[in-house]
1. Of these, Glu159, Glu99, which one is within 29 Å of His38 (Cα to Cα), surrounded by fewer than 20 Cβ atoms within 10 Å (Cβ to Cβ) and among the acidic types (Asp, Glu)?
2. On the basis of being outside any loop (DSSP other than H, G, I, E, B) and surrounded by 14 or more Cβ atoms within 10 Å (Cβ to Cβ), does Leu169 make the cut?
3. Quick one: in the stretch 133-167, which of the residues that are of a type in the set (Ser, Thr, Tyr) and within 22 Å of Val28 (Cβ to Cβ) is nearest to the chain's Cα centre (by Cα)?
4. Since Arg74 meets every condition but one in (1) closer than 29 Å to Gly23 by Cα; (2) surrounded by fewer than 20 Cβ atoms within 10 Å (Cβ to Cβ); (3) at pLDDT 95 or above, which condition does it not meet?
5. Within the set of pairs 6+ apart or on separate chains, which have a first residue in the stretch 153-179 that is touching a residue at least 24 places away in the same chain (Cβ under 8 Å), a second that is of a type in the set (Lys, Arg), and C-beta atoms under 8 Å apart?
6. If a residue has to be over 18 Å from Asp181 (Cα atoms) and among the acidic types (Asp, Glu) to count, how many in the stretch 203-221 make the cut?
7. Quick one: in the stretch 93-122, of everything that is at pLDDT below 95 and not in a helix (DSSP H, G or I), which residue is nearest to the chain's Cα centre (by Cα)?
8. List every residue pair whose Cβ atoms lie under 6 Å apart, where the two residues are 6 or more positions apart in sequence or sit on different chains, the first residue falls within the stretch 111-133 and is surrounded by fewer than 21 Cβ atoms within 10 Å (Cβ to Cβ), and the second residue, located anywhere, is assigned to a strand (DSSP E or B).
Amino acid sequence: MTQLALPLRLADHAVFESFLGAGNEALVAMLAELATGHGDQGCWLWGPPAVGKTHLLQAVCDRAGDRSVYVPLRMLAQAGPEVLEGLASRHLICVDDMETIAGKADWEAALFALCNEVLDENRVLIVSAAMSSRECPIALPDLQSRLARLATYQVRALEDSDRVLALQLRAGHRGLDLPDDTARYLLSRSRRDMASLYELLDKLDLEALRAQRRLTIPFVKDVLS
């Protein structure tokens with residue numbers, strides 16, 4: 001796991017093995033190549049909240065190990081752009097939530113310097129945002145132009161049928177058995193975005209461990225009530 005000189009940790013579940021790539025197969029394969037030192041100089045990932053952008057960036061860093069660094073701008077925005085100093089020495093830099101600092105002159109200048117160092121040295125830069133690079137409200141033209149050169153990939157949301165499989169994949173990664181009927185019940189009783197569903201699964205995992213119960217519909221009903 002690769003960290004900044006700050007108390008940050010990659011989520012232990014955020015690995016390629018726990019990400020259901022339905023609809024994003026080519027993107028996942030490309031990111032796995034980048035993580036192992038192959039492929040292009042990076043890319044720009046975009047999509048609405050809870051489609052898995054952060055999961056994928058952290059999975060890349062998990063696979064790449066100490067050659068990489070994960071930079072969560074939403075978490076670091078208040079710390080100031082000084083946190084970026086020295087990061088260009090890493091082979092692979094994953095910058096999450098780019099829109100968080102768009103329009104902030106000090107951050108944009110620091111990121112432009114980082115991009116130049118990384119890309120001019122043929123290292124890898126992966127960026128995520130809620131929108132494409134051309135739609136991101138970056139004020140510094142040079143930074144906008146530099147980032148627009150990255151290949152752009154939309155992270156697509158899962159269909160409902162795949163959400164069941166994604167929940168079961170996450171449950172299996174945690175050593176849980178999530179039957180089909182229980183997974184469908186969760187979909188009918190929760191917000192349908194994967195972040196909310198995973199949060200609910202985490203709660204059920206904890207309660208099941210405490211009660212030594214399986215994830216049956218009656219047990220889930222008890223927890224939800």
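1. Details: Glu159 fails: within 29 Å of His38 (Cα to Cα).
Going through Glu159, Glu99 in turn, just one is within 29 Å of His38 (Cα to Cα), surrounded by fewer than 20 Cβ atoms within 10 Å (Cβ to Cβ) and among the acidic types (Asp, Glu): Glu99.
2. yes
3. Restricting attention to the stretch 133-167, the residues satisfying the condition of being of a type in the set (Ser, Thr, Tyr) are 133, 145, 152-153, 161.
Next cut, within 22 Å of Val28 (Cβ to Cβ) only: 133, 152-153, 161.
Numbers: Ser133: 17, Thr152: 15, Tyr153: 13, Ser161: 22 Å.
The residue in question is Tyr153.
4. Condition not satisfied by Arg74: (3).
5. Val155/Lys53; Asp160/Arg192; Arg163/Arg192; Asp177/Arg214
6. 1
7. Applying the filter and picking the extreme gives Asn122.
8. From the stretch 111-133, the pairs are Met131/Trp46; Ser132/Trp46; Ser132/Thr152.
The values are calculated or read from the model by the stated rules, or taken from the named source; none is laboratory data. The shown structure was predicted, so the numbers you read here are calculated from the model rather than taken from an experiment. Counting neighbours? That spans all protein chains shown, and the Cβs are built from the backbone with ideal geometry, glycine included.
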